[in-house]
Amino acid sequence: MMKKRFLLSFLICYFFALNCSLLYLLSSPTHAQEPQPLWPTNGLQINNTLGNSPQQNPKISGRIIVWEDARSGYLNLYAQKLDEEGKPLWGKDGVAVAPSAGNQNFHELIEDDQGGVIIVWQDFRNEDSDIYAQRISSQGDILWEPKGVPICKEAAGQFAPAITTDGAGGAIIAWHDYRSSTGEDIYAQRITKEGKTVWRENGVLICDAPGTQWYPKIASDHVGGAIIVWTDGREGASNNNIFGQRIDYSGKILWEKNGIAICSASQNQENPALLSDVEGVIVVWEDNRNGNPDLYAQKINYKGEKIWVSEGVAVTTASFSQKSPSLAEDGEGGVVIVWTDEQTEITQIYGQRITKEGIPAWGENGRALAKSSFKQENPLIIKTEGKEWIVIWNDYRRGFPTLFAQKINLSGVSLWDEAVPLSQGKGNQEKACAAFSASLAIIAWQDLSSGNFDIYAQGLSLSGKILWKEKGNVVCEAIGFVAHQKANLISAPQAEVILAFEDARSGYTNIYAQKVDGAGTLLWGKDGIAVAKVKAHQLNPQLVSDGKGGAFIIWEDQRYQGFTRIYAQRMGTNGKRLWEKGSIPLTKINANQSMPKAIPDQAGGTLVVWVDERDSLGLKDLYAQRISPTGELLWGKNGLAICTENGDQSDFSITSDDQGGLIITWTDYRSGERNPDIYAQKVSREGKLLWKEGGTLVCGAPDVQRSPQIISDGQGGAIIAWTDKGGGSYDIYAQHLNAQGQAQWLADGIPVCQHARTQQNPIFGNRQIIIWEDYRLGNWDIFANALSLQGKLLWGEEGVAIASLPQTQYALQATAWKNGGAIVAWEDYRSGKHYEVYLQKINGEGTTSWAQNGYLVKTLNGARNPKLLAQPSNNSLVVVWEDYTGGGKAIYGQRFGLE
């Protein structure tokens, strides 16, 4: 009897548990088998070749130069010391200041009292920006913690550090801080020469007035404390003023709470610069009280009292803009100021001296320091021996920014016969910094002569003689991580894939190619193949299969100085360049050509369309070319004009007409900049325009229509989708054109989605499925719908959510899949830490197949810019992306097996 009762109880419990399990299974979502990675778990490294990594933004103190350096993948700070002949003393490539896995930038430095330097910077090792510091000895030894000393690691961000001496071998540092989450405030900290912070942890509050206080500048008060000034928005964002505060050696605030107003005139006062002497500080700022940026100055004593005119002395109130002031002491209690001045037709460098008494000494609006018929900008000034100064600026007399210098005296008179060029290099010379040391001016800059920025320096004598190499001495051109980006890919036989991408290994961004087999083997060498290696930038590679295991590759090319042209090359199945003359230009017109797109011509060649600016007014038109398998240009030596109407034609998309020709759609501005419309044209394989001259109007509704995308309808016509503001907010519209270019749906198209807020940037998954970016829920999500060939919405007016969750999902890619389905990829910031790539498959009924909100493509440290390639014949999908593992930008990929 007991056994029967036990058996009955067991059966009841068993069936109850089974019923619960069935209910759970029935209530749980079911998904098709997720994609199966076939290459390494975190992706296959397709290219991460080392090369001429960028070095940029040098700063100098004495003969020590510090810069941002990308050799490790992240922008970390490096330092170098030069001797009087410009030779490096701290190794060939300098010393790392505080290596870490995060970008470091916005650095400043001062001399310590032992011939070394103290450096402060923004640091992103903890994702938000923190403030760190380091001290380096005169011998290049790291004196504080190897990875730097944290000055502030408070939540949210800390930015724009400024530094001055504490008079005891340490430093006082100020920054603007977002810890309050209501606006930027000003904080400060003191660090001793031993690397110990001595004020309150994470800094002493200098100002937390309402509104924004930011970009502080700092100077010593010569008794161990500091004066801090900043741009202050407590009166409103359109009425910024200049405020200041003094803090003593112990961290005590000496002036009134939240600072004193240095200038509170009407309109904006911003971007202060300052210097100090034993009597007080002189502050110079950009001032809009007269309706355009002028320069004003004020001197404040150490009690916080204004010495000059209440709202400042006018340095210059000339017409148009005066900006970017640089200051130096005049040796008599006043200041010498130089700036960029737009009062003449061509921007020039002007200067002014304000005496100790606050009197402008060089005329009402200053004087031009080096008159020229060429643009000048970005001056800086350093004091030399006695009462003389050297001024350095960017000068455009060679057609690009180069550095020139001139010496002036106390009267603003030029002392050299002519301005002195600091380098004969052939690349941009920018972001100059300068110091005076032992009768020698040292100027450092970032130099574009080798494609990427490197750091150069020049020595200049007091007589204006160049002391080092003609082009300047190389301070750093280190080899390291470089950018590999903007990959595109196509299929080749036997499940192989061909990619082309931008690659900066040479310093210039050149186009490289690689072939990968189904197992993930790199077939064209571990570093890929240069498609056309030149000492010029190449951008935006496009690929078309040649039908024989190779590819046509088309790109923008800047080898012809002054113009960007479209070039092409054919790569054979083994990676050999097949056009013996090298790459070919699609025109030889002296005008910019950009944004090429290409498709097969179904005869072994390719069709290419681009934006062309040969118009006499520089307007953007659309041109095309057909290229034979041997590289012959079949539509004339300078291409076929598709549309040259008034206004710009740009932002285009192309598809095949299924007969060896193409159909193109574009955004057209012939009706005005504020009313772009959508047009289309059909071109036969022979280069004949088949629709209306100037294009067929697809949508001419009021307001903005833009970003059209196109797909063949399989019957000689096309379906076009675009972003449309005709209804007041941005929506998605579409139109079907038949083979004769006649609209098959309502005039101006039918709405695909008119939900609240913005929908934009549609793409096609196949001939029915349209996917777009959607802001209906207050952040960017991904939605889709399907249209029948008769223009009927198949998935309801709301569409179907592909990914809908907080943070951002955008940058869509899509490809057709079996049985009327599609696969979508996008960039996704749901982690809140970095962008990642997600995938989703959707069938013809609007049902998603994989996990809700998408399947994560696994990477080590995030990914962006995905590209998709479906290979349904072998049930696989290839995804490539820009991978940020290690801080660099590499090309990675993954092959997925799909059920």
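The values are calculated or read from the model by the stated rules, or taken from the named source; none is laboratory data. Everything quoted here is computed from the prediction, not taken from an experiment. Virtual Cβ from ideal backbone geometry, glycine too; neighbours counted across all protein chains shown.
The single condition among (1) outside any strand (DSSP E or B); (2) farther than 27 Å from ASN874 by Cα that TRP555 does not satisfy is (1). Every test in (1) part of a loop (DSSP other than H, G, I, E, B); (2) under 23 Å from ALA226 (Cα atoms); (3) in contact (Cβ under 8 Å) with a residue 40 or more places away in the chain; (4) not acidic (Asp, Glu) is passed by LYS303 save one, and that test is (3).
For every residue, the table says whether it meets (1) at pLDDT 95 or above; (2) surrounded by fewer than 23 Cβ atoms within 10 Å (Cβ to Cβ); (3) among the small types (Gly, Ala, Ser).
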site: SER831; (1), (2), (3): no, yes, yes
site: HIS834; (1), (2), (3): no, yes, no
site: LEU839; (1), (2), (3): yes, no, no
site: THR847; (1), (2), (3): yes, yes, no
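Per the conditions (1) in a helix (DSSP H, G or I); (2) modelled with pLDDT of 55 or more, the sole criterion not satisfied by ASN19 is (2). Somewhere in region 251-258, is a residue touching a residue at least 40 places away in the same chain (Cβ under 8 Å) and either buried (at least 21 other Cβ atoms within 10 Å of the Cβ) or basic (Lys, Arg) (or both)? Scanning region 251-258 turns up no residue that is touching a residue at least 40 places away in the same chain (Cβ under 8 Å) and either buried (at least 21 other Cβ atoms within 10 Å of the Cβ) or basic (Lys, Arg) (or both). In this structure, TRP817 qualifies as at pLDDT 95 or above, aromatic (Phe, Trp, Tyr) and more than 27 Å from the chain's Cα centre (by Cα).
Within region 263-276, residues that are more than 23 Å from LYS356 (Cβ to Cβ) sit with their Cβ atoms under 9 Å from residues that are among the acidic types (Asp, Glu) and surrounded by fewer than 18 Cβ atoms within 10 Å (Cβ to Cβ), at 6+ positions apart or across chains, in these pairs: SER264/GLU235. Cβ-Cβ distances below 8 Å connect the following pairs, each with a first residue in region 821-846 that is under 22 Å from LEU794 (Cβ atoms), a second residue that is among the basic types (Lys, Arg) and crowded, with 22+ Cβ neighbours inside 10 Å, and a separation of six or more residues or different chains: GLY821/LYS841; ALA822/LYS841; ILE823/LYS841; VAL824/LYS841.
Exactly one residue out of GLU305, GLU311 is crowded, with 18+ Cβ neighbours inside 10 Å and either farther than 20 Å from ASN378 by Cα or of a type in the set (Lys, Arg) (or both), and it is GLU311. Note on region 572-602: residues that are part of a strand (DSSP E or B) and touching an Asp or Glu at 6+ places or on another chain (Cβ under 8 Å) amount to 5. Against the list (1) under 22 Å from ILE664 (Cβ atoms); (2) modelled with pLDDT under 95, the condition GLN561 fails is (1). Looking only at region 105-127, decide whether some residue is under 22 Å from the mean Cα position of the chain (by Cα) and surrounded by fewer than 15 Cβ atoms within 10 Å (Cβ to Cβ). Checking region 105-127: at least one residue is under 22 Å from the mean Cα position of the chain (by Cα) and surrounded by fewer than 15 Cβ atoms within 10 Å (Cβ to Cβ). Residue count for region 796-854 satisfying the condition of being within 23 Å of LYS486 (Cα to Cα), in a loop (DSSP other than H, G, I, E, B) and aromatic (Phe, Trp, Tyr): 2.
Criterion applied to ILE566, ILE553 was being crowded, with 22+ Cβ neighbours inside 10 Å, within 19 Å of GLU613 (Cβ to Cβ) and aliphatic (A, V, I, L, M), and the one residue passing it is ILE566. For region 43-66, the set of residues classified as in a loop (DSSP other than H, G, I, E, B), out of contact with any Ser or Thr (no Cβ under 9 Å at 6 or more places or on another chain) and surrounded by 24 or more Cβ atoms within 10 Å (Cβ to Cβ) consists of PRO54 only. For region 238-261, residues that are of a type in the set (A, V, I, L, M, F, W, C), part of a strand (DSSP E or B) and more than 16 Å from LYS299 (Cβ to Cβ) total 2.
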